[in-house]
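Working notes, beginning with the structure itself.
Here, each number is a calculation from the coordinates, and none is a lab measurement. Every value quoted in this text rests on a predicted model; they were computed, and no experiment measured them. Cβ placement follows ideal geometry from the backbone for every residue including glycine, while neighbour counts extend to all protein chains displayed.
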């Protein structure tokens, strides 16, 4: 189980550091309903990643993800495909990063967060975590990696819960800062918002490249065994 957790941590770290969800939760915390919408956003994020992970694990287990202690061939092909897809996204993100003099605007849907209810905030978190193809690729890769270890159901639940918690640290941190620092958190969260918004594409390019290379390397190793 420890090895499985170790293999999933890089995926979880990339999801946790994804700038757009962090920017979104910071914007939620700047609205009049921050005290309810902030925790609702975090809960939606946690539940979404946990549920989709368990569904993906169930699907992966039903098609024999391991063979004699080694990943099944389809797992290696999936890792190779995901790695190449993340490599492509890394290049696209890097090319699309704003220049030093370019103005970066907040997406229109984020500006509408002032009117969000707690339910809409939770729904936005689910969309950002799962419908976003960038995060979904990472979650699929993590689930496929975990499935190949042949863990018991209880161990799988524990491993995926660890993944979910680590993957939620980026969203959880601003919420914790807001409730612990109160009014003093406004300036800190605003600086975080500005930095994440401007450097979103560059950050994701680096993270996608790292995980993409890892997945391709794991696939090549799997094919050679």
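Computed values, structure above
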| read-out | value |
| --- | --- |
| Net lengthening on full extension, residue 169/residue 131 (0.36 nm per residue, minus Cα-Cα) | 11.8 nm |
| Gain upon complete extension [residue 95, residue 161; 0.36 nm per residue less C-alpha separation] | 20.3 nm |
| Alpha-carbon centroids, the range 156-225 and the range 1-57: separation in whole Å | 8 |
| Burial order of peptide ranges 206-215, 88-97 (average beta-carbon count within 10 Å, highest first) | 206-215, 88-97 |
| Efficiency of FRET between residue 221 and residue 35 - r from beta-carbon atoms, R0 45 angstrom, step 0.05 | 0.40 |
| Expected 222 nm ellipticity per residue - DSSP helices of 4 or more, -39500 (n - 2.57), all of the chain, to 500 | -25500 deg cm²/dmol |
| Label point distance in nm, residue 73-residue 179, each placed 7 Å from Cα along Cα→Cβ | 5.1 |
| Burial order of peptide ranges 144-154, 113-123, 44-54 (average beta-carbon count within 10 Å, highest first) | 44-54, 144-154, 113-123 |
| Residue 152-residue 84 FRET efficiency (beta carbon distance; Förster radius 30 Å; 0.05 resolution) | 0.40 |
| Relative contact order (%) - criterion: Cα under 8 Å, at least six apart; region: the chain | 48 |
